[in-house]
Amino acid sequence: MTALRVVAAAVLALVLQGLLTRLLGAPSMRVDFGLVAVIWIALRFGRVPGLLGGTLVGLGQDALGGGILGLAGLAKSVAGFATGIVGTQFIVTQTVPRFMVFLGATLLHALVFVGLSMLLGLKTPPQPYLDVAVQGVSNAAIGVLVFKVAEFTPGARVRWRALRERRQKRRYH
């Protein structure tokens, strides 16, 4: 069941990233939904699913975006695995620690991605610091929001049904 959730989250992130990039344009996209999904998977399920999710999302982004196949896959795999380790070693259930984990994982991903790009002699931005900082904060904000929605959703249907039953009882009594 965990593998199915990992694949579903990876596919959803790739589709969402593709749709929003197409609508907004690549330069204006500051959120990496694939990386957000990888970090969510790693914090929710552990280091091995985080590694698997990072591999799937990264290879999917490499295949769809062009470039060297495996570069984003390796960077996202490292970020997913490291995040899974952090998630199992520390209590990451509150908003601020989750924000910091998303920010740190985004920085680690950027470090690995830009480092490998430089090693391979690929074109890198001259000053990627501001872009990485903006993407880190954006990823962290979206990631915390994803966790809030994921935690609220399972009980929402039960709460809604109970509220509806209470209203119906008041109306007829």
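The values are calculated or read from the model by the stated rules, or taken from the named source; none is laboratory data. This structure is a prediction, so every number in the text was calculated from the model and none was measured. Glycine also receives a Cβ, built like all others from the backbone with ideal geometry; neighbour counts cover every protein chain displayed.
Assorted remarks:
- From the list 53, 18, 67, 60, the lone residue that is outside any helix (DSSP H, G or I) and small (Gly, Ala, Ser) is 67.
- Close contacts from segment 139-156, counting a first residue that is closer than 21 Å to residue 30 by Cα and a second that is modelled with pLDDT of 85 or more and among the charged types (D, E, K, R), with Cβ to Cβ under 7 Å and a gap of 6+ residues or different chains, come to 139/32; 143/98; 144/98; 147/98.
- Residue list for segment 117-136, filter: crowded, with 18+ Cβ neighbours inside 10 Å and touching a residue at least 40 places away in the same chain (Cβ under 8 Å): 117, 135
- Pairs with Cβ under 7 Å, 6+ apart, first in segment 34-62 and of a type in the set (Asp, Glu), second assigned to a helix (DSSP H, G or I) and buried (at least 24 other Cβ atoms within 10 Å of the Cβ): 62/72
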